[in-house]
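Take a look at the structure set out below.
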Amino acid sequence: MTAGGMERAAPSGHRHAQHRPVLYAQVLAGLDVRPGGTYLDGTFGRGGHARGVLEQLGDDGRLLVMDKDPEAIAIAHADFDADARVLIRRGSFADLAAWDAVDGGLDGVLLDLGVSSPQLDVAERGFSFGKDGPLDMRMDPDDGESAAQWLAHAEERAIADVLWTYGEERASRRIAKALVARRESQPLLRTAQLAEVIASAVPRGKDKSHPATRSFQAIRIFINRELADLEIGLDAAHACLKPGGRLVVISFHSLEDRIVKQFIGTHAKAPPADRRRPVEPDFTPTLRMLGGAQKADDAELSDNWRARSAVLRAAEKLGPALRSDAP
Ligand SMILES: C[S@@+](CC[C@H](N)C(=O)[O-])C[C@H]1O[C@@H](n2cnc3c(N)ncnc32)[C@H](O)[C@@H]1O
């Protein structure tokens, strides 16, 4: 299940498996699960992709699951504590290398980024401008400041920078000014209030999207340190993958996808020749790109509008003991 993308009918009749997660077939093809392998799903959500991996794992395979969100982790425990193949840890995938279960190396890592459908759909989590709730937006409610706490003290300039950097919001300064003016008379505590102040500062554009769309995305990315986690998590996954291991990442906006694309490119392709440098430095690729950007097909899009912005990229770790199916 993903915020990015919801879901079609899932393979089993499990109580949390009603929906098929975004780019499900592409994720499993990218991971190319070996029955005895060890895989890490760094973004468990409601476990839609994890269930697909488990269907392909044998008795001696392992699935390590992580999520920042305590509700996701509670569901992982409820659903999989009885399955000896599954190990569960609450935390950021940025810290995956600190988990001793990873010490033996990984055959695959999946990161299905962003927020989950339940996080967006439950007003109390405070992620949605469409559903009024407390202005929280933390995937892990025990970690760091909520959006309301940050907006209560952040400088106008800092708010504008966040809206511009993480939301590419052209009206960032106008919105930041309006937020600071409003909080002087009334604390910003609810998502509907935030959406209303933003809407009052930015008239609805021609694209029909809600004027708060970009700002909510920006504040959420900032509050959860999403891009920093992604950069650290990609390095950690790269370091922990065994030769022949697979990295599969689903992004939901261009800032994430740019990081993933550059990361894979940096490890897979020699840097372009530099005219100022007479001799090209040696370059040994450590990743093999598995195709380009993959997107949801029409069938999935007609079923799941949230899949429209999903972009999957996959790569294989290179090294001395390559998979037998590598070219
Ligand atoms: C799009 S959903 C994943 C859906 C999942 N693939 C499924 O099939 O149900 C993203 C999940 O990743 C979690 N998440 C986002 N960033 C994370 C991070 N840095 N570390 C751990 N979990 C993270 C969110 O809490 C959310 O539950």
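Kindly check whether there is at least one residue in region 245-256 that is open to solvent by 20 Å² or more (accessible area, probe 1.4 Å), away from the ligand (no atom under 16 Å from the Cβ) and in a loop (DSSP other than H, G, I, E, B). Looking through region 245-256, none of the residues is open to solvent by 20 Å² or more (accessible area, probe 1.4 Å), away from the ligand (no atom under 16 Å from the Cβ) and in a loop (DSSP other than H, G, I, E, B).
The number of residues in region 205-235 that are within 13 Å of the ligand (Cβ to nearest atom), in contact with a helix residue (DSSP H, G or I) (Cβ under 9 Å, 6 or more places away or on another chain) and open to solvent by less than 10 Å² (accessible area, probe 1.4 Å) comes to 4.
Inside region 271-293, residues that are open to solvent by 60 Å² or more (accessible area, probe 1.4 Å), at pLDDT 80 or above and not aromatic (Phe, Trp, Tyr) make up a count of 5.
Which of the residues that make up region 163-194 are of a type in the set (Val, Ile, Thr) and closer than 20 Å to Ser209 by Cα? Step through it out loud before you land on a result.
From region 163-194, those of a type in the set (Val, Ile, Thr) are 165, 175, 180, 191; that's our starting set.
Result: Thr165, Ile175, Thr191.
Listed by first and then second residue, the pairs with beta-carbon distance under 7 Å, at least 6 apart or on different chains, first residue in region 295-306 and over 11 Å from Ala25 (Cα atoms) and part of a loop (DSSP other than H, G, I, E, B), second at pLDDT below 90 and of a type outside the set (Val, Ile, Thr), are Asn304/Gly5; Asn304/Met6; Asn304/Glu7; Asn304/Arg8.
Selection of region 105-126 for residues being assigned to a loop (DSSP other than H, G, I, E, B) and either surrounded by fewer than 18 Cβ atoms within 10 Å (Cβ to Cβ) or in contact with a Pro (Cβ under 6 Å, 6 or more places away or on another chain) (or both) yields Gly105, Val122, Gly126.
Against the condition touching a residue at least 60 places away in the same chain (Cβ under 8 Å) and open to solvent by less than 10 Å² (accessible area, probe 1.4 Å), how does Thr191 come out, does it pass? The answer is yes for Thr191.
Condition test on Ile198, is it touching a helix residue (DSSP H, G or I) at 6+ places or on another chain (Cβ under 9 Å), open to solvent by less than 80 Å² (accessible area, probe 1.4 Å), away from the ligand (no atom under 15 Å from the Cβ) and within 28 Å of Arg62 (Cβ to Cβ)? It would help to see each step written out before you state the result.
On the way: touching a helix residue (DSSP H, G or I) at 6+ places or on another chain (Cβ under 9 Å): yes; open to solvent by less than 80 Å² (accessible area, probe 1.4 Å): yes; away from the ligand (no atom under 15 Å from the Cβ): yes; within 28 Å of Arg62 (Cβ to Cβ): no.
Spelling it out, it is not the case that Ile198 is touching a helix residue (DSSP H, G or I) at 6+ places or on another chain (Cβ under 9 Å), open to solvent by less than 80 Å² (accessible area, probe 1.4 Å), away from the ligand (no atom under 15 Å from the Cβ) and within 28 Å of Arg62 (Cβ to Cβ).
So that you can scan it fast, the table gives a plain yes or no per residue for (1) of a type in the set (Asp, Glu); (2) in contact with a Gly (Cβ under 6 Å, 6 or more places away or on another chain); (3) under 30 Å from Ala25 (Cβ atoms):
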{"residue": "Ala84", "(1), (2), (3)": "no, no, yes"}
{"residue": "Val102", "(1), (2), (3)": "no, no, yes"}
{"residue": "Ala123", "(1), (2), (3)": "no, yes, no"}
{"residue": "Asp132", "(1), (2), (3)": "yes, no, no"}
{"residue": "Met137", "(1), (2), (3)": "no, yes, no"}
{"residue": "Ala147", "(1), (2), (3)": "no, no, no"}
{"residue": "Ala178", "(1), (2), (3)": "no, no, no"}
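Taking the numbered list (1) in contact (Cβ under 8 Å) with a residue 40 or more places away in the chain; (2) buried (at least 16 other Cβ atoms within 10 Å of the Cβ); (3) within 14 Å of the ligand (Cβ to nearest atom) in turn, Phe129 passes all entries but (3). Could you check region 149-168 and list, in sequence order, the residues that are open to solvent by less than 20 Å² (accessible area, probe 1.4 Å) and either touching a Pro at 6+ places or on another chain (Cβ under 8 Å) or not in a helix (DSSP H, G or I) (or both)? The answer is Ala154, and nothing else.
The values are calculated or read from the model by the stated rules, or taken from the named source; none is laboratory data. Computed from a prediction, not measured in an experiment: that's the story for all the values here. So basically every Cβ, Gly included, is an ideal-geometry build from the backbone, and we count neighbours across all protein chains shown. Only protein heavy atoms, including side chains, enter the accessible area calculation; ligands, DNA and RNA are left aside. Shrake-Rupley method; radii C 1.70, N 1.55, O 1.52, S 1.80 Å.
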